Amino acid sequence: MDDKTPEADGEGRSLGVAQLSEMARAGIASARARDYENGYLLLGEVCDRMRAAGEKLPAHVISFYGLCLALNLGKHREASQLCQAAIEAEPMKADYYANLAEVCGAARQRRKAVTAIHRGLAIDPASLRLLELETRLGRRRDPVVSSLDRTHPVNVTLGRIRHAFAGPPRSSKRETGKKKAD
């Protein structure tokens, strides 16, 4: 089959490049709307058809398919690899880091999720999706003793004490204009 020939589906109809592109857009829109099952089905179909036609998968399809794979089926390792592959192909796309962060968050790999968020924010500091993920996962406070590494036993112990008394860190956005109700 040459690259110009549309792929036939199971019912004899053919899907051309335009139809695959539209299916990919719909799958990504589903993923953005948190309909991971529909996104998984649509993007999985796009991936299958493009592979069958011998075409290279676009990075955006790989990244969002990975997100849907993790959050629909719970296949976190494979999903993480797909998101990483998309980042390697196009490292300047903040959405790919957000997808990786969500996959890592779902896999309870908080440190990797936070790293992905920070890398994405370095590319696009105004990314609402990344900022929302950062808020949801929470920010880490600075080490208590800044001259020591975060993992140093003194910082670990003092950090636990600080957390016990002060609670989790507050959001970076300060609430202004609100007074405490007495």
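The values are calculated or read from the model by the stated rules, or taken from the named source; none is laboratory data. Quick caveat: nothing in here was measured; it's all calculated off a predicted structure. Here Cβ is always computed from backbone atoms with ideal geometry, including for glycine, and neighbour counts include all displayed protein chains.
For this structure, a couple of remarks:
- Residue check for V46: more than 16 Å from the chain's Cα centre (by Cα) and in contact (Cβ under 8 Å) with a residue 24 or more places away in the chain: yes
- Of D95, D48, all but one fail to be of a type outside the set (V, I, T) and closer than 20 Å to E132 by Cα; the exception is D95.
- Identity of the residue in the stretch 98-129, of a type outside the set (A, V, I, L, M), under 11 Å from H76 (Cβ atoms) and part of a helix (DSSP H, G or I), that ends up nearest to the chain's Cα centre (by Cα): E102
- Hey, V103 in the same structural domain as I28 (by TED's automatic domain parsing) and in contact with a Cys (Cβ under 6 Å, 6 or more places away or on another chain) or not: yes
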